[in-house]
Amino acid sequence: MDDVDQTSRIEVEPSLPAGEKIPVLTILQGKPIGLTLQIENDQTIIGRGAKADLVLKDHLSSRQHAQITRSSREDCSCLYYLKDLGSTNGTLLNGRAIVSSQLLSDGDKIKIGGHLLKFSLLDQLELDALLKLHRNAKAAARLRAVAVLCSVFNLGRC
């Protein structure tokens, strides 16, 4: 029998405990695509204004467009609510305009101007992997930009 045909045996470690879920927003459409922001405050403002917690470079969003509010429960878990802050163009949750504060669930999609955000509840392992992917994508983009500049200016190998 050939070594290629054999399966290696490993000891399987028990899976990680579920642990605490960490709320995050990830930009699915708009810039910077793939950016993931951990929601750490009791209130998180989203908009194009400099004072927003998540600043969207988007002329279709208001300065203070929407807000995510954390509400703690007696069992120490948290609920998260999305509210439009009287924006010009409104806020959509899963394709529907919101008119009052709405409870967020894992996987919900939030449309603000030209941006589509995903609300997720991740464990630490998932969050670390997502952040690493974003960092690697940014590094790869920088390398591509350097290669383009080198070829445009005939700098040879940079």
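Select from segment 60-82 the residues that are without any contact (Cβ under 8 Å) to a residue 40 or more places away in the chain and among the aromatic types (F, W, Y) and list them in ascending order.
Once the filter is applied, which keeps residues that are without any contact (Cβ under 8 Å) to a residue 40 or more places away in the chain and among the aromatic types (F, W, Y), segment 60-82 yields only Y81.
Among the residues of segment 23-73, which ones are assigned to a loop (DSSP other than H, G, I, E, B), open to solvent by 30 Å² or more (accessible area, probe 1.4 Å) and among the charged types (D, E, K, R)?
Selection gives K31, E40, D42, R48, K51, D53, K57, R63, R73.
Give me the pairs, please: first residue somewhere in segment 48-59 and under 14 Å from G114 (Cα atoms) and touching a residue at least 60 places away in the same chain (Cβ under 8 Å), second residue anywhere and acidic (D, E) and in a loop (DSSP other than H, G, I, E, B), beta-carbon distance under 8 Å, and either six or more positions apart or on two chains.
Correct list of pairs: R48/D58.
Sort through L104, L116, L85, L92 and tell me the only one that's surrounded by 13 or more Cβ atoms within 10 Å (Cβ to Cβ) and without any contact (Cβ under 8 Å) to a residue 24 or more places away in the chain.
Sole residue among the options that is surrounded by 13 or more Cβ atoms within 10 Å (Cβ to Cβ) and without any contact (Cβ under 8 Å) to a residue 24 or more places away in the chain: L92.
The values are calculated or read from the model by the stated rules, or taken from the named source; none is laboratory data. The model shown is predicted, which means the values in this text are computed figures rather than measured ones. Cβ coordinates were reconstructed from backbone atoms using ideal geometry, including for glycine residues, and neighbour counts include every protein chain displayed. Remember, those area values only see protein heavy atoms, side chains included, never the ligands or the DNA or RNA. Shrake-Rupley method; radii C 1.70, N 1.55, O 1.52, S 1.80 Å.
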